[in-house]
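Novice: I have a structure I would like to understand better, so I am pasting it below and will then ask my questions one at a time.
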Amino acid sequence: MNGSAPIQPGMLSGLWATARRDLLLAWKRPGDVLNPLFFFAMVCTLFPLAVGPSAEQLEFSGPGVLWVAALLATLLSLNSLFLGDFEDGSLDQLLVSAQPLPVLALGKTLAHWLTSGLPLVLVSPILAITYRMPWSVVPVMMLTLLLGTISLSLLGSIGAALTVGLHRGTALLSLLILPLAMPVLLLGANTVSLAAGNDIYTTGIWALGAYAVASLSLAPYATAAALRISNE
């Protein structure tokens, strides 16, 4: 044992420890988790009241409304991704940690998706009833939201890292992320619409999957670089 180098915990341990910490903090602050979910539910339920009860119109607009509401709800929760760490000094500890910063950033993004993206996916079948969506289409909608919210959380982590500590960072965050999120929104809504019309929709699923894989491969490194830039 004498003279041996200290054993560093594995990267997976660092990722899980970071995600677990954020999940415990979210458990202590349930409002941060429930606000995006309530926003998503309110937008999806109020829209049919505004446009009327026409079945054809609801079926036509349902996929787009659900996806726009999911995108806005995700953006609503992104500003706080690194803000708490910035305010209490934990962000400096992440930057000097022995663990790779992209791994720690991925852990925080995973916790964000589990508390913000996954609840939207789980509650979406209930809201689909409002738009008279066929039950055969609901699994397709859930799969597109699953892949899409993963991409949105990963892309959003880049913007959250760039705008951490900035005054009115929420508005700037939206401007940075919306151009990157538009392909996800269009692919998701169009895939669900094709499934509702009994058309071929598997291309959209594969495209969303490829987008999620690309985001997972690149976003943690971009987020780590953005955190270092913001801390200078």
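Novice: Taking only Cα atoms and a 10 Å spring cutoff, compute GNM fluctuations for the chain and point out the largest among SER54, SER77, SER13.
Specialist: Result: SER54 has the largest fluctuation of those listed.
Novice: Measure nothing but the geometry: give the 0 to 90° angle between the long axis through the Cα atoms of 138-163 and the longest principal axis through the Cα atoms of the chain, rounded to 10°.
Specialist: Tilt relative to the chain: about 40 degrees.
Novice: For a footprinting-style exposure proxy, rank LYS108, LYS28 by other Cβ within 10 Å, fewest first.
Specialist: In increasing order of surrounding Cβ atoms, one gets LYS28, LYS108.
Novice: If you don't mind, there's one more thing I want to ask. Do any chymotrypsin sites (Phe, Trp or Tyr not before Pro) in the stretch 94-157 lie in a loop, going by DSSP, with at most 14 other beta-carbon atoms within 10 Å of their beta carbon, and if so which?
Specialist: TRP135
Novice: How do LEU66, LEU162 line up, fewest other C-beta atoms within 10 Å first?
Specialist: LEU162, LEU66
Novice: Tell me the angle of helix 202-231 to the major Cα principal axis of the chain, expressed in degrees between 0 and 90 and rounded to the nearest ten.
Specialist: The angle comes out at about 30 degrees.
Novice: Go ahead and set up a Gaussian network model of the chain, Cα springs under 10 Å, then flag whichever of ASP22, ASP92, ASP32 fluctuates most.
Specialist: Largest GNM mean-square fluctuation: ASP92.
Novice: Further, regarding this structure: Per-residue ellipticity at 222 nm for the chain, helices alone: DSSP H runs ≥ 4 residues times -39500 (n - 2.57), over residue total, nearest 500 deg cm²/dmol?
Specialist: Mean residue ellipticity, 222 nm, calculated: -27000 deg cm²/dmol.
Novice: List THR130, THR109 from most exposed to least, where exposure is judged by having the fewest other Cβ atoms within 10 Å.
Specialist: Ordered from fewest to most neighbouring Cβ atoms within 10 Å, THR130, THR109 come out as THR130, THR109.
Novice: Nearest 10 degrees is fine. How inclined is helix 55-78 to the longest principal axis of the chain, computing both from alpha carbons?
Specialist: 10
Novice: For SER13 and LEU72, compute 0.36 nm times the residue count separating them, minus their Cα-Cα distance, and round to one decimal in nm.
Specialist: That works out to 18.0 nm of additional length.
Novice: Also, I was wondering about something else. Let me have the relative contact order for the chain, percent, based on Cα pairs under 8 Å that are six or more residues apart.
Specialist: About 26 percent, as a whole number.
Novice: Would you mind counting up the charge near VAL65? Only other residues with Cβ under 13 Å from its Cβ, with Lys and Arg at +1 and Asp and Glu at -1.
Specialist: For residues surrounding VAL65, the net value is 0.
Novice: Select from SER193, SER157, SER97 the residue whose mean-square fluctuation is largest in a Gaussian network model of the chain (Cα-Cα springs shorter than 10 Å).
Specialist: Residue with maximal mean-square fluctuation among SER193, SER157, SER97: SER97.
Where a number appears in this text, it was derived from the coordinates with a stated rule and is not lab data. Because the structure is a prediction, the values reported are computed rather than measured. Cβ coordinates were reconstructed from backbone atoms using ideal geometry, including for glycine residues, and neighbour counts include every protein chain displayed.
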